[in-house]
Each structure stands twice: as C-alpha cells, then as structure tokens.
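Each remark here refers to the structure printed beneath this line.
Values quoted throughout were computed directly from the atomic coordinates according to the rules given, and no laboratory measurement underlies them. Quick caveat: nothing in here was measured; it's all calculated off a predicted structure. Don't worry about glycine lacking a Cβ; one is built from the backbone with ideal geometry, like all the others, and counts go over all protein chains shown.
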Amino acid sequence: MRKLIIGAIVILYSIPSWPQASVIYQQGIASEENLIAIQNLQPYSPGGVGFDNRYEGIRGTSRLFDTLLPAAMRIRDQKYYIQVLADIDVVKNLVLFQHPKTKKLMAVPAEFVSVLVMKKGDREILFRTTKGKEFDTEMKETRFFQVLKDGPYQFIKLPSKIFVQADYKGAYAADRRYDEYQLKKKYFLKGPDSVFYQVQLNRKSLLKIYPQKKSIIESVSDNEPVGDKEIAFKSLLDKF
C-alpha cells in the first residue's frame with residue numbers, strides 16, 4: 001500500500017516593519033498650515049509623497065467554492081472513500097480538507113486523488129483528474145475537472161482561476177483598485193478516439209468531433225432559447 005505524506009498548509013502572515021527616520025520641519029509654516037498641507041496632499045502630488053489609499057485589497061481566493069463543503073475523497077489505488085470537509089485549490093491543484101480529528105487544514109495534490117464527490121446544497125458534484133487522460137491541448141500539471149456527463153460521450157468542465165492585478169495608476173488605467181481571482185472554465189468532450197477535445201457549447205463545435213451524428217445534432221437549432229447552455233449541450237449528448 002502506498003504511503004502518502006500529506007503536508008499541512010501553514011499560512012504565514014508577515015507584518016512589514018518600517019525604519020525610523022528623522023522628520024525635518026519646514027521653518028516659517030505654522031502647525032495648522034502643516035496639517036492642511038498634509039490633508040490636501042494627493043498620492044502623486046508634485047513635491048511630496050503621500051500614502052495611496054485607493055488600493056482595496058484582494059477579492060476572491062484560489063479556491064473553487066471559497067468554503068469547505070461535505071465531500072467524499074478516494075485516494076488513488078484505494079477502494080474506500082474518506083469523509084471530509086473540503087474545497088479545491090484550482091491554482092495549486094490541491095484538495096484542501098479539514099482533518100476530522102485535529103480540525104487542521106491539510107492538503108493532497110491532485111495527482112494522488114482518484115475521485116472527489118462534493119455536496120453543495122442538494123447537489124452532488126463529481127470531480128476527477130486529468131492524470132492518465134489524453135487532451136488535444138497539453139496539460140502540464142494534473143488538474144481537477146467536473147464531470148457533467150459520464151459514459152462514452154464524457155462531457156467535462158475544467159475550472160481555473162487567474163489572478164488579475166489592480167490597475168488604477170497612470171493616465172490610461174482601468175481604475176480597478178483591487179487584485180482579483182477570476183473564475184474561468186473550459187469544456188471538453190471525449191471523442192471517438194478517447195481524446196478529450198475542447199469545445200464551445202454549440203452545434204458547430206459538436207459536429208467537428210462527431211460528424212457521424214450530424215442528423216441528431218442538426219435536429220436542434222442553436223437559436224432555440226435555452227436557460228443553461230451546459231444543460232442544453234448535455235441534453236443533446238443524451239440523444240446520441
């Protein structure tokens with residue numbers, strides 16, 4: 001039996017220290033005038049440096065759900081599931097989970113995980129990993145994907161988060177005063193050659209992978225009103 005060493009994640013908070021410096025007061029200006037000058041000083045005022053308090057911090061996290069959810073996790077090469085509270089770090093490709101006894105936050109790399117079933121509300125969400133699977137685009141790391149439809153026409157969603165930096169300095173800045181983790185997702189469909197191909201949620205993309213299903217695919221119009229494209233795409237695959 002393979003022994004897995006699971007490292008606990010320790011979050012270190014660093015507090016910056018500032019060197020002391022002597023303050024030189026300009027002669028000939030009253031204390032009240034000094035206060036007014038400081039109050040009116042802007043971050044980029046000529047002749048002085050002020051504190052730029054426009055930055056609003058970081059929005060979001062690298063986690064998929066941003067909270068711990070009830071989950072059943074099966075480690076690779078094992079037959080049983082472990083019941084835990086967990087989330088997925090889609091940037092570092094880890095399962096974060098709370099140790100049932102110590103309550104400490106632990107982590108397991110995606111390459112060691114076979115199946116992860118997470119319960120959100122009344123839904124069970126199935127995740128597997130890209131390990132051992134072939135994709136039309138290179139997967140440099142083992143990543144988690146959500147199974148939207150299982151079986152021979154497997155339809156999956158690959159979530160990720162990108163870090164977008166604040167942009168509020170300069171004349172042409174977007175005035176976005178915060179850094180943010182933004183959720184992105186890509187969809188893949190298992191082709192007849194068992195390769196997962198990236199798809200757009202429309203008929204044209206589906207026809208490229210399964211031209212032999214043309215009559216079924218063309219029976220549904222892209223212009224038909226649909227509330228959820230994922231559900232509509234899956235419904236079309238159910239007809240195969």
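Would you grab the residues whose amide H sits under 5 Å from the one on L69? Only those 5+ places off in sequence or on another chain, please, with H modelled 1.01 Å from N.
A86, D87
I'd like to compare 136-144, 201-209: which one has the highest average count of other Cβ atoms within 10 Å, and what's the full order after that? The partial results should precede the final answer.
Working: 136-144: 12.7, 201-209: 16.0.
Top to bottom by mean Cβ count within 10 Å: 201-209, 136-144.
Which length gain, in nm to one decimal place, applies between V164 and D122 when the Cα-Cα distance is subtracted from 0.36 nm times their residue separation?
Values: separation 42, 0.36 × 42 = 15.12 nm, distance 3.25 nm.
Value of the extension gain: 11.9 nm.
Could you calculate the contour length gain from T67 to K79, that is, 0.36 nm times the residue separation minus the distance between their Cα atoms, to one decimal place in nm?
On the way: separation 12, 0.36 × 12 = 4.32 nm, distance 2.69 nm.
Separation in residues times 0.36 nm, less the Cα-Cα distance, equals 1.6 nm.
Computed from the mean reciprocal separation of all distinct C-alpha pairs, what Kirkwood hydrodynamic radius does segment 93-138 have, in Å?
On the way: mean 1/r = 0.0794 Å⁻¹.
When all Cα pairs of segment 93-138 are included, the Kirkwood radius is 12.6 Å.
Can you list the HN-Hα couplings for segment 115-129, worked out from phi with the Karplus curve (6.51, -1.76, 1.60; θ = phi - 60°), rounded to whole Hz and with x for Gly and Pro?
Values per residue, Gly and Pro as x: 9, 9, 10, 10, 10, 10, x, 9, 10, 10, 10, 9, 10, 10, 10 Hz.
For K92 and V195 in one chain, what is 0.36 nm times their gap in residues minus the Cα-Cα distance, to one decimal in nm?
Result for the pair: 34.6 nm of gain on full extension.
For an R0 of 22 angstrom, estimate the FRET efficiency from the Cβ-Cβ distance between M139 and I231 and round to the nearest 0.05. List each step's numbers first, then the result.
Details: r = 26 Å, r/R0 = 1.19.
E between M139 and I231, to the nearest 0.05, is 0.25.
Kindly identify segment 80-214 as rounded, prolate or oblate by the Cα gyration tensor criterion: order the square roots of the eigenvalues as a ≥ b ≥ c, call it rounded if a/c is under 1.5, otherwise compare a/b with b/c, prolate if a/b is larger, else oblate.
On the way: a/c = 2.20, a/b = 1.10, b/c = 2.00.
Verdict is oblate for segment 80-214.
Expressed as a whole percent, how much of the Cα-Cα distance distribution for segment 75-119 exceeds 18 Å? Walk me through the intermediate numbers first.
Numbers: 241 of 990 pairs.
Roughly 24 percent, once rounded to a whole number.
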